[in-house]
Each structure stands twice: as structure tokens, then as C-alpha cells.
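Only the coordinates and a few stated rules stand behind these numbers; no lab work does. Owing to the predicted nature of the structure, the values given are computational and were not obtained by experimental measurement. Here the Cβ is made from the backbone with ideal geometry for all residues, glycine too, and neighbour counts use every protein chain on show.
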Amino acid sequence: MRCEAAVTGIGMITPAGLTTESTWAAVCGGRSTVRTDPDLAGLPVDISCRIDHFDADALHGRRLARRLDRFTQLALAAAHQAVRDAKLDPSAWNAPRVAVVLGVGSNSLHSYFHEFDVLNQGRPELVSPLALPRSVPNMAAAEVAIALDARGPNFTVASACASGATALAVAADLVTSGACDIALAGGAESGRSRMTVTGFHQMHALSQRTDAPHLASRPFDVDRDGFVLSEGAAVLVLERPQHALRRGAGQRARLCGHACTSDAYHPVAPHPEGIGVEHALRTALEGAGLAPGDIGHINAHGTSTPTGDVAEARALQRVFGPEPPPVTAPKSILGHALGAAGAIEAALTVLTQQHQLIPPTANLLRQDPDCELDIVTQAPRAAAFGAAISNSFGFGGQNTVLVFTAE
């Protein structure tokens, strides 16, 4: 018997929109959100995918917003959305049976950048007492629990750019094991700090197309040259199916299989043949009780890096044969939100399955012959399928694969 977790709510904040609905509409529209970023002025790479019109003071109140770093502000907003979408009332739920598991790729450099500057000016007395509690990675999950009175298991998962997806896998295990009835799970990150951008640029990981930002992120394209940093948050409400049924909750999908593996190969480069990815794909399918032929859609990690896209494509080709299911790569539109990316794309995979509509991949002008996949481009593609996969990978050779099915 498969162990399943019901997805009963989704909350999203991305550069494409401040809600799940607006993000979905924009992703289906297929237009990149990459733009010149004034906060990065003067750097060799000054483009990003940033969230506009996000008013943390209005959403959280000025006092609370001031206590939170941006990644936590985003996480808390997405969590509130998800709980409302699931039609849950935190004042009425069994708080010790509600878990929070969030993925964060790193601690926030937004706060540290300012505080280090103050310290380097020889003014330690002016360093904010909030500097540490505002920026440590676990604060996103902690602040969500405080705000929503979730008193069950609470922790942060860090597996680089797979963090958000790994958090969902861990939360699904908590739910299906009976450790909790409800889990708020996902990821949050704001990777637009000047230090983060500079670090990735020095590693030659970022796209250099600063003269044409909207064309910069182009997964699986022969002319791809790196990813574009982004920010965002997504939280999914996972419940034991019996718990959801008892309270009459609508179920968007079931998370019925997952796997986390390691390449054990290199600190930043993927295994060139995608061996760890293949292992994760096969293990997740086995856990879901499905065969490769049962999968009707793949949400690719697709970062737009020369080596990463080929490694992923090779793994997909070995698992799914010469005609893999239709693929989309949302980072072409949303950029790479690091620790939040896996959660955002898991949410998009659920929506794709619900709507039976696969969003397009932007900027795929000439497909790399080493990436022989059926990639959806130009416009959304209607498709009938009952199961879909979302891939997420990260530095250190971290691989997480999630399998979603219809209720």
C-alpha cells in the first residue's frame, strides 16, 4: 500500500505574482520575469527575478515585519495563503499535531551585509540585536509556527537548491508515519544579495546576458550560459488523507512518492551522467508504486547551466526511454530561487496536474541535441495524465524527486 499525503492547500509568492493564482497565470503566459535589478547596480551581473509590490508592513504589521528578514517575510505570507486555501483555522486545529518543515538554502545575506558594514566602520554598538535571530535559517519555520500556533515538529531542511523539495519529502514522511496530522511544508529564499550574486558570478554559474535580461534564462537551449538568481516562497499543506476527508477538505493532489539521493561526486558539479538523479527517479517511482510509463509530465530542475541540463536530460532518457513525457522548466520564467525553487516547482506541478495544462518553457530557441526531451514551448499544452514528477537538485550532489498523483 502506498503512503500518501494529501495536498490540501498552496500558497505562493514569486516574481510572477503575489498569489498562487497570479503566479500560475504568469507562468502559463510564458514570459520571463528577468530584469535589470537596481539593487545590483555596478556588479558584473546586474539582473535578477525580483518580487515587486510585496508590502511586508501591510501583511505582517510593521513591528513583526521589522523583526523578519525578507526570506522569512515571504515564507510567512505563503504559509498564511496556504492555510487559507486549505480552509484551516489555526485557532481550532490540534496544534501539537501540526508540523512546519521549510527548506532554506542558506542563511540570509541581506541582513548580514548591512550589519557587517556597520561593524567594519568600528561601530559594534550599532549592530542590531536582531541581526542573528533575523537571519539564521531556522527562523522561517520558527516564525510560521509562532504566527500560526503550530506546535508539532518544527525544523529547517538545507539541501542547497533541493531544499524546498526535500522539506516536502520530510514532511510527507511525518504525515504518513502518523507523527502529525498536518504539515506546512515548502521553502523560502531571497538570493538577490550582492554577495550571493558576486559569489555565483565568480563561479561562472550565472547568465551573462545583462543586455537582454528576458532572454537570459534558457534551459536546454544550445546557447544557455547559466541561471538567473531569484527569490520567492511556496508552502503546501500536507495532511493525512483520512484527516482531510474527515474535515471535508478538497484535495488538490497526493504526494505519493519521493526520493532523496546524493551524487557523492563533486561539491558543485553534477555527475555528468546524472547517476544520482536516475537513482532518485527510480526510487521515487518505486515508492509510489508506479512505472515510468505512468508518468505524464515532468517538471525539470532545468537551471540553464551547460552541465546541469545535460546531466538531467541523460537521466530522464535512461529512465523514460527515447520518448520521455512532456517536460517544462519554470526557471526559464521565474529564475532560480535556490532553496525555495523546489517548493515553488512542486506547487506548479500540482497545478499542472489539476488543470491538465503544461506551462511552456521560455527562451528555448534551439534545443541542445544532447537534451533530447519533449519540451513544451511557446504556449501551454493540454494533456491528460494522472501522475507527474518534480525534480530538484543542488550543490553537493543533492537530488530530490517528488511524485504527485490525482486524488
* Quickly work out the His204-to-Asp374 label distance, labels modelled 7 Å from Cα along the C-beta direction, and quote it in nm with one decimal. => 3.6 nm
* **Test item: Cα-centred dipole of the chain, Lys/Arg +1 and Asp/Glu -1 on Cβ, debye** => 900 debye
* When you take every Cα atom in the chain, what is the radius of gyration, and what is Dmax, the widest Cα pair distance, in Å? -> 19.8, 63
* Counting each DSSP H run of 4 or more residues in the chain as -39500 (n - 2.57), what helix-only mean residue ellipticity at 222 nm follows after dividing by all residues, to the nearest 500 deg cm²/dmol? -> -10500 deg cm²/dmol
* Asked: So for the pair Met195, Thr307, with labels modelled 7 Å out along Cα→Cβ, what separation do we get in nm?
  -> 2.5 nm
* Structure fact -> Once Ala95 and Asp39 are pulled to full extension, the length gained, defined as 0.36 nm per residue separation minus their Cα-Cα distance, is 16.1 nm
* **region 251-290: translational diffusion in µm²/s, Stokes-Einstein, Kirkwood Rh over Cα pairs, 10 °C, 1.306 mPa s** => 141 µm²/s
* To do: Sort Cys161, Cys256 so the one with the fewest other Cβ atoms within 10 Å of its own Cβ comes first.
  => Cys256, Cys161
* To do: Determine, from the Cβ-Cβ distance of Ala406 and Leu126 and an R0 of 60 Å, the FRET efficiency 1/(1 + (r/R0)^6), rounded to the nearest 0.05.
  => 0.60
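Can you give the extra length, in nm with one decimal, that the chain gains between Asp57 and Ala291 once fully stretched, where that is 0.36 nm per residue apart less the Cα-Cα distance?
Values: separation 234, 0.36 × 234 = 84.24 nm, distance 4.80 nm.
Once the chain is fully extended between Asp57 and Ala291, it gains 79.4 nm.
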* **Simple spin-label estimate for Arg247 and Phe113 in nanometres, 7 Å along Cα-Cβ** => 3.9 nm
